[in-house]
Each structure stands twice: as C-alpha cells, then as structure tokens.
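The values are calculated or read from the model by the stated rules, or taken from the named source; none is laboratory data. Just so it is clear, the model here is predicted, and its values are computed rather than measured. Glycine gets a Cβ as well: all are built from the backbone with ideal geometry, and neighbour counts include every protein chain shown. Note: areas computed on protein heavy atoms with side chains; ligands, DNA, RNA excluded. Shrake-Rupley method; radii C 1.70, N 1.55, O 1.52, S 1.80 Å.
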Amino acid sequence: MKIHHLNCGSVRRIEPTYQGPPGAHAVNHCLLAETESAGLVLVETGLGLADVRDPAGSLGADWIELAEPLLDERETAVRQVAALGHDPRDVRHVIVTHLDVDHCGGLPDFPAAKVHVLAAELDAATHQAPSFRYRPAHWAHGPDWVTYAGGGPVPDGSGDDWFGFTSVQAEGLPPEIRLVPLGGHTEGHTGVALHDGDRWLLHCGDAYYYHRELDADPHPHPVLNLVQTSSEVHHDLRLGTQARLRELVRHHGDQVTLISAHDPWEFARATSGGGH
C-alpha cells in the first residue's frame, strides 16, 4: 500500500516552541492510500472546493476569523488527487477522524465515496449542526455513510487487538486499514491506522495537536493548545488518550509512526522522506 501525505488546507501561521525549525502555517494533514483491493482511500478531506469558493457560507465567519485559512484551491484534496495522476472518482472510500469543518470540508468533492465514521460522531454532528464545529453544507449532498460503534482506548489496557487499543475493521477495506477510537476531542473521535507493508502509520486526528505533546515530558503548543482545550468534549478522556499515545510511542515507536492533523513540522518530516 502506497501512502501519500497531503496538506488539504493551510491555516494560521504558528511558531515552534524551540529553536530550530522556522514558523509555518498549520496544516490539515490528510492521507491518500493506494490499495490493491479497495482502490483509493482518502483519510480526512481537509477543506473542499466549496469552502474555498464560498468560505463564509460553507465554513462560517467565526471559524474563518479564528483559523485564518489561506483558501487555495490547489490544496483541496480533489485537486491534489488529480495532480497525482488519479481520477478523483476513483476515491472509493473516505475515512474521517471526526466531522469538524476542517476535517470533512472536502466530502462534497467525492460524492460517490463511502464515508466511514464512528456512529457517535455522526449523531453529534447532525444533531448539533449548524455550529462552530459542524457545518451541514459538508454533508448536504447525502454521503454514503458507513458507521461504527466505538469509544476511547480501554482504560485498563485490556483491549489489545492493536498495540493495546481497541480497533475496528472498516467495511470493504483491507485489514491493513483500521479505525482506532481515540476519545476526548469530540463525541466520536477516531484515529486511523494504516500498514504500508513495513510499519504502521497512525493518523491521530486531533487527539493531539503538537509533536512535543508526545514527549515523556509533554510540551503543548501555546496557540494549538488553546484550540484543543476549547474544543474538547471530554477533558479527562482526552488527557488519558494522550497518555496512552505516549506509551504507544515509548513501547512501539519502532513499529508505529504517529501523526496529528495540524502540526506543520510533522507534515514537513513526512513529506521530506522521513515519513511514509
């Protein structure tokens, strides 16, 4: 399985908390997986064409003011899939970690794809929208939803089918792609694990925002931490999820690479030969 890393929506520029890398625009880190049995699989969609062309109507003025998106059509997933030489209509599956505006804005650009999401997330989004985080324009086309039960990591560590986490086999997808529920950020937040034949890559969505949060002595990013703490729905569960992710890195870092949705320095590493 070949995995491409895509930035599907640059937003507010931020600075690192240590000397070395330059400041950068936060990203919307998406993945495009080329699979033998399921065709093209898109993990997250970032911002879509409608978001770029009608940002106020699609994203909402409050979100635009906070996020400061660059709104470049070339960054949309549908344009990047085409730039890689693929027909966007061949994207048969989309997996979203959750349904915040910046994670599912591109759903209308892939209307024929099956959209995999935890049931709790879809329920929360459809009942709360329109809101700051959930925008009904992103699913007004009537996606082909495929939903799954699931919660956060098992608190006592007894769920060990994926490195100590519970996981869900997605319908119609190979066993090398699994949903790994990571609770706390939203009601039905999930990570997505992919195996490229060599090692696992876990897209953690918004379970953490900054790579230094995975350090043994965690250092949140001051700007990104304001976003994650203000948008969390279960504080203790979110912190517990992060603690479990740190343990995953400590004990299985030789087998699993973790990425988050918005850290631009992680994205730079992944696209400079240091990732999949």
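Give, to the nearest whole percent, the P(r) tail of segment 1-85 beyond 15 angstrom, counting all Cα pairs.
62
Antiparallel as a % of all DSSP beta bridges within segment 133-276, to the nearest 5?
75
Convert each backbone phi in segment 57-63 into a coupling constant with the Karplus relation 6.51 cos²θ - 1.76 cosθ + 1.60 (shift: θ = phi - 60°), then list the ³J(HN,Hα) values in order as whole Hz, x for Gly and Pro.
x, 8, 9, x, 5, 5, 5
Counting Lys and Arg as +1 and Asp and Glu as -1, what is the net charge of the other residues whose Cβ lies under 14 Å from the Cβ of Asp54?
Charge balance near Asp54 sits at -1.
Using a probe of 1.4 angstrom, how much of the accessible area of the chain is carbon and sulfur, in percent?
52
Could you state the accessible area per residue of segment 164-222 in Å², with a 1.4 Å probe and every protein chain left in place?
29
Over the chain, what is the relative contact order in whole percent, taking alpha-carbon pairs under 8 Å and six or more residues apart?
In percent, rounded to a whole number, it is 17.
Compute the relative contact order of segment 183-276 as a whole-number percentage, counting only Cα pairs closer than 8 Å that sit 6 or more residues apart in sequence.
Relative contact order of segment 183-276: 37 percent.
Provide the net charge surrounding Ala82, with neighbours chosen by a C-beta distance below 12 Å and charges set as Lys +1, Arg +1, Asp -1, Glu -1.
Once all neighbours under 12 Å are counted, the net charge is -1.
Along the positive direction of the dipole of segment 1-100 (beta-carbon charges: Lys, Arg +1; Asp, Glu -1; about the Cα centre), which of Leu32, Pro55, Gln19 reaches farthest?
Farthest towards the positive end: Leu32.
Based on DSSP H runs of at least 4 residues, each adding -39500 (n - 2.57), what is the mean residue ellipticity at 222 nm of the chain after dividing by all its residues, to the nearest 500 deg cm²/dmol?
For the chain, the value works out to -7000 deg cm²/dmol.
Over all Cα pairs of the chain, how is the pair count split among 10 Å bins, expressed in % and running from 0 up to the last occupied bin?
Whole-percent P(r) values from 0 Å outward: 7, 33, 40, 19, 1.
Mind jotting down the distance between the C-alpha centroids of segment 31-75 and segment 161-235, whole Å?
With segment 161-235 and segment 31-75 each reduced to a Cα centre, they are spaced 19 Å.
Might you report the magnitude of the Cβ-based charge dipole of the chain about its Cα centre, with Lys and Arg at +1 and Asp and Glu at -1, to the nearest 20 debye?
Here the chain has a charge dipole of around 240 debye.
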